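Participant: Here it is: the structure, laid out below.
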Amino acid sequence: MADISGRKVAILSTHGFEQSELEHPLKALREAGATVHVIAPEGGEIRGWDGGDWGQSVKVDHTLDQVKQADYDALMLPGGQMNPDILRANPDAVAFVRAFWDAKKPIGAICHAPWLLIEADIAKGRDMTSYHSIRKDVENAGANWHDKDVVCDKALVTSRNPDDLPAFCAKLIEEIGEGKHTSRAA
C-alpha cells in the first residue's frame, strides 16, 4: 500500500452515512499515513446507518463552512442512502465536491455517493460504478457505468457497496499517493 504521509484527506458526510463506508476508509487512509478530517454541514457528531438501524456516531472535525478544497489533497464520499441524498441538496456541499474536481484532486465515492458527483456535474463522460439501484441515475447523467468492484477515471474512484471497500480504499490511496491527478485533463 502506498505511503501517503503528509497528505490531507477530507471525508464529507452527514447523518445517515453507511457505517462501514466511512469508518473503513477513515482507518485505511490514516494507516497509510494521511491526516483525515470528517467534514459535515453540522458540528458535533454525525450518526451512521448500520444494517437496518442507526449505527454509531462519528466526531465531526470541521464544519463545511470552516474549510475549503485548498486545505486538502483529496476527498472521500461515503454512501448510504440518506447521507448523499441530504448532501446533494446542500449547495455548499455540492460546491465543495466540484472544487476538488476543478482542482484536479482525487475523489473517492462509494455506493450512493455518486449522486453527489452527478449533482456537481462531474459524471458526464466518466467511467464509473455505484450501488446498483442508482445505475440509471449515473447513466442518465452521462457516465459509462461498469459493474466492477472499483472503477477509476482520471483520479475519480468509485465503488459499488461495502463488499468493495478493500479495493476502493487501495485504489483511492494509490491515486492520492501517485499524484496521477496532476495530469488529468479538464
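Derivation of every value follows stated rules applied to the coordinates shown; laboratory data play no part. On a predicted model such as this, the values are computed, not experimentally measured, just so you know. No Cβ is skipped: glycine too gets one built from the backbone with ideal geometry, and neighbour counts run over all protein chains shown.
Participant: Extension gain Arg30-Asp147, at 0.36 nm per residue separation less the Cα-Cα distance, in nm? Mind showing how you got there, number by number?
Facilitator: Numbers: separation 117, 0.36 × 117 = 42.12 nm, distance 2.82 nm.
Fully extending the segment from Arg30 to Asp147 adds 39.3 nm.
Participant: Given axes a ≥ b ≥ c from the Cα gyration tensor, I'd like to know whether region 79-120 is rounded (a/c under 1.5), prolate (a/b larger than b/c) or oblate.
Facilitator: Values: a/c = 2.71, a/b = 1.39, b/c = 1.95.
Judged from the Cα gyration tensor, region 79-120 comes out oblate (a/c at least 1.5, b/c at or above a/b).
Participant: Here's a follow-up. Which of Lys136, Lys104 comes first, and how do the rest follow, when ranked by fewest Cβ neighbours within 10 Å?
Facilitator: Details: Lys136 11, Lys104 15.
Ranked by crowding around the Cβ, least crowded first: Lys136, Lys104.
Participant: Give, as ranges by residue number, the residues of region 42-62 whose backbone N falls under 14 Å from the point 7 Å along Cα→Cβ of His132.
Facilitator: none
Participant: Modelling each spin label as a point 7 Å along the Cα-to-Cβ direction, I'd like the Glu178/Lys68 distance in nm, to one decimal.
Facilitator: 3.1 nm
Participant: So who's got an amide H within less than 5 Å of the one on Cys111, skipping anything under 5 residues away but keeping other chains? H placed 1.01 Å off N, in plane.
Facilitator: Hits under the 5 Å cutoff: Tyr131, Ser159, Arg160, Asn161.
Participant: Which loop trypsin sites (Lys or Arg not before Pro) in region 40-90, with loop taken from DSSP, have no more than 10 other Cβ atoms within 10 angstrom of their Cβ?
Facilitator: Working: sites: Arg47, Lys59, Lys68, Arg88; in loops: Lys68.
For trypsin sites (Lys or Arg not before Pro) across region 40-90 that sit outside H, G, I, E and B with at most 10 neighbouring Cβ atoms in 10 Å, the list is empty.
Participant: Build a GNM of the chain with springs between Cα atoms under 10 Å: which of Ile176, Ile134, Ile107 gets the top mean-square fluctuation?
Facilitator: Per the Cα network of the chain with a 10 Å cutoff, Ile134 tops the list.
Participant: Moving to a separate point now. Apply the membrane-span-like helix rule to the chain: whole DSSP H runs, Cα extent along the own long axis of at least 20 Å, mean Kyte-Doolittle hydropathy at least -0.5. List the helices found.
Facilitator: Numbers: long enough: none.
Sorted by number, there is nothing, because no helix extends far enough and scores high enough.
Participant: Show me the GluC sites (Glu not before Pro) within region 28-116 that DSSP assigns to loop and that have at most 11 other Cβ atoms within 10 Å of their Cβ. Intermediate results must be reported in sequence, preceding the final value.
Facilitator: Details: sites: Glu31, Glu42, Glu45; in loops: Glu42.
Loop-located and lightly packed - Glu42.
Participant: Right, another one. Taking the Cβ of each residue in Leu12, Leu75 as the centre, tally the other Cβ atoms inside 10 Å and list the residues starting with the fewest.
Facilitator: Values: Leu12 29, Leu75 24.
Lowest count first: Leu75, Leu12.
Participant: What number, in percent, do you get for the relative contact order of region 8-178 if the mean sequence gap of Cα pairs under 8 Å and at least 6 apart is divided by its residue count?
Facilitator: Normalised by residue count, the contact order of region 8-178 is 20 percent.
Participant: Of Gly142, Gly52, Gly16, which has the largest mean-square fluctuation in a 10 Å C-alpha GNM of the chain?
Facilitator: Gly52
Participant: With a/c under 1.5 counting as rounded, go ahead and sort region 8-178 into rounded, prolate or oblate using the C-alpha gyration tensor (a ≥ b ≥ c being the square roots of the eigenvalues; past the cut-off, prolate if a/b is larger than b/c, else oblate). Could the numbers behind the result be given before it?
Facilitator: On the way: a/c = 1.25, a/b = 1.16, b/c = 1.07.
In terms of gyration-tensor shape, rounded.
Participant: Report, for the chain, the % of DSSP beta bridges that are antiparallel, rounded to 5. Please list the in-between numbers first.
Facilitator: On the way: 8 of 29 bridges.
Taking every DSSP beta bridge within the chain, about 30 percent pair in antiparallel fashion.
Participant: Beyond 28 Å between alpha-carbons counts as too far, so tell me which of Lys59/Lys124; Lys27/Lys154; Lys59/Lys105; Lys59/Lys148 fall in that bin.
Facilitator: Distance filter (> 28 Å) returns Lys59/Lys124; Lys59/Lys148.
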